[in-house]
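Here's the structure we're looking at; comments come further down.
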Amino acid sequence: MTAAGLFRAIGLMSGTSMDGIDAALVETDGDAQLTVGPHASQRYPPDLRHVLLRLPSSDVHIQDIEQQLTDLHCEVVRSLCTTHKIDLESIDVVGFHGQTIKHEPEMRRTRQLGDGQRMANSLGRVVINNFRQNDLDHGGQGAPLAPAYHRALVRSCKTPEPLAILNIGGVSNVTLIDGELLYACDCGPGNALIDDWVSAQCAVPYDEGGKIAAAGRVNDSALQRLLSSPYFQHSGPKSLDRNAFSATPIDGLSPEDGAATLAAFTAAAIAIEAPRLPSAPREWVVVGGGRLNRYLLEELRRRLAAPLRVAENLGWIGAAVEAQAFAYLAVRSRLNLPLSWPSTTGVSEPVTGGVRWNPIPAAGA
């Protein structure tokens, strides 16, 4: 901890897009004081991503994958520290979200791959992981958890409220910040369906800039079938698994029309949620990988009733926000502060979360 009572924390995020790892440094008291530091990203090796996308139904030895994944996260922490001349011993806590392979809030089950003790031993630092389970155990959805950080980030920048922060990762989720009101929910699909489609149809990992979608046309019939999911009939708080939606309605479409239709699906699902927000946002700010899909952003601008900007327009690092969030949440966990509220996850009361792992010295050390 610094002399000013601030914790130095590194957060790690590997989202439902399953494309790689983001790491970010913050200094914070776990409340209103927040300084954002450098960040780093590393894509998953193609063979690891292929295995992760098949989990949990794959017959691979999951403990081996978890160890490989944990070690890769440790490498990203060390890379961040080396590149930016950060003394690893100055880090008070590492927030290790892990890789979600299954999220079943209705069954009170969630699974994020990542060995907290292995990371704590490897880095020699306190690690917090398993952020979601305590929320589920108290009747919540276990997600989204970033709203506490979104509020701190907005307040640190003195951005006018009410404001909606829209994270488009594998799934999409929204945080509404309006004075004392903090509300959140998963809206629907994000990048996952689009990524899977263009990977299968075009042998590319994602639709860079939305160029594939921009060359196609939305198939309205397929879009309406996609939007017929019962999920869109319910208000939040609510949350999703990456595989909650099937892309079957776009079977037979060209690669371009399929990508355009799936981008429209993501945007339309967000637009369905927008009027259900408890306050009308002055503007929407997009973070996560979806902010780089220009076709998707134009679909959103057509459907939302308020201005839309990307994180960089506010001086934020859009690729790092979720990793920063889990650095911030790790500090809150250490201080036993709430990570979620009834209005963000549906939990019965404000609850903290996370499991702490202290490094165990090697035998003979």
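Summed over the stretch 1-18, residues that are open to solvent by less than 60 Å² (accessible area, probe 1.4 Å) and in contact (Cβ under 8 Å) with a residue 40 or more places away in the chain total 12.
Of all residues in the stretch 226-259, count the ones that are more than 23 Å from the chain's Cα centre (by Cα) and surrounded by 15 or more Cβ atoms within 10 Å (Cβ to Cβ). Result for the stretch 226-259: 8. The residues of the stretch 183-207 that are crowded, with 24+ Cβ neighbours inside 10 Å and small (Gly, Ala, Ser), listed by number, are Ala184, Gly188, Gly190, Ala192. Looking only at residues of the stretch 275-304 that are in contact with a Leu (Cβ under 6 Å, 6 or more places away or on another chain) and assigned to a helix (DSSP H, G or I), we find that the one that is farthest from Ile194 (Cα to Cα) is Arg301.
The residue that is nearest to Leu227 (Cα to Cα), counting only those in the stretch 260-295 that are open to solvent by 20 Å² or more (accessible area, probe 1.4 Å) and in contact with a helix residue (DSSP H, G or I) (Cβ under 7 Å, 6 or more places away or on another chain), is Ile272. Taking the numbered list (1) open to solvent by 10 Å² or more (accessible area, probe 1.4 Å); (2) outside any strand (DSSP E or B); (3) of a type outside the set (A, V, I, L, M, F, W, C); (4) within 26 Å of Asn243 (Cβ to Cβ) in turn, Thr70 passes all entries but (1).
Residues of the stretch 260-292 that are among the polar types (S, T, N, Q) and over 21 Å from the mean Cα position of the chain (by Cα): Thr261, Ser279.
Across the stretch 153-179, the qualifying residues are those that are in contact with a helix residue (DSSP H, G or I) (Cβ under 8 Å, 6 or more places away or on another chain) and part of a loop (DSSP other than H, G, I, E, B), and the one among them that is most open to solvent (accessible area, probe 1.4 Å) is Glu161.
In the stretch 100-117, the residue that is modelled with the lowest pLDDT out of those that are buried (at least 18 other Cβ atoms within 10 Å of the Cβ) and within 20 Å of Ala9 (Cβ to Cβ) is Gln112. Val77 meets each of the listed conditions (1) at pLDDT 95 or above; (2) outside any helix (DSSP H, G or I) apart from (2). The listed residues are Asp251, Asp220, Asp257, and the only one of them that is in contact (Cβ under 8 Å) with a residue 40 or more places away in the chain and not hydroxyl-bearing (Ser, Thr, Tyr) turns out to be Asp257. The residue that is surrounded by the fewest Cβ atoms within 10 Å (Cβ to Cβ), among those in the stretch 317-350 that are in contact with a Leu (Cβ under 7 Å, 6 or more places away or on another chain) and not in a helix (DSSP H, G or I), is Trp341.
Do we have Arg309 as part of a strand (DSSP E or B) and open to solvent by 10 Å² or more (accessible area, probe 1.4 Å) here? Yes; evaluated as a whole, the condition is true for this residue. A search for C-beta distances below 8 Å between a residue of the stretch 193-205 that is over 13 Å from Thr266 (Cβ atoms) and at pLDDT below 95 and any residue that is surrounded by 15 or more Cβ atoms within 10 Å (Cβ to Cβ) and among the acidic types (Asp, Glu), counting only pairs 6+ apart in sequence or on different chains, returns Pro205/Asp19; Pro205/Asp195. Just one of the listed residues (Ala32, Ala40) is closer than 18 Å to Met13 by Cβ and not in a helix (DSSP H, G or I), and it is Ala40. When you look at His97, is it modelled with pLDDT under 95 and on the phi < 0 side of the Ramachandran plot, yes or no? Criteria not met by His97. Taken together, Asp87, Asp64, Asp31, Asp22 contain a single residue that is under 29 Å from Leu153 (Cβ atoms), of a type in the set (D, E, K, R) and free of Cβ contacts under 8 Å to residues at least 24 places away in the same chain, which is Asp87.
Just one of the listed residues (Val36, Val76) is over 16 Å from the mean Cα position of the chain (by Cα), under 19 Å from Asn167 (Cβ atoms) and not hydroxyl-bearing (Ser, Thr, Tyr), namely Val36. Close Cβ contacts (under 7 Å, 6 or more residues apart or on different chains) running from residues in the stretch 153-171 that are farther than 27 Å from Leu240 by Cα to residues that are open to solvent by 10 Å² or more (accessible area, probe 1.4 Å) and in a helix (DSSP H, G or I) comprise Cys157/Leu314; Thr159/Leu314.
The values are calculated or read from the model by the stated rules, or taken from the named source; none is laboratory data. Worth saying up front: this structure is predicted, and the values here are computed from it rather than measured. Counting neighbours? That spans all protein chains shown, and the Cβs are built from the backbone with ideal geometry, glycine included. Remember, those area values only see protein heavy atoms, side chains included, never the ligands or the DNA or RNA. Shrake-Rupley method; radii C 1.70, N 1.55, O 1.52, S 1.80 Å.
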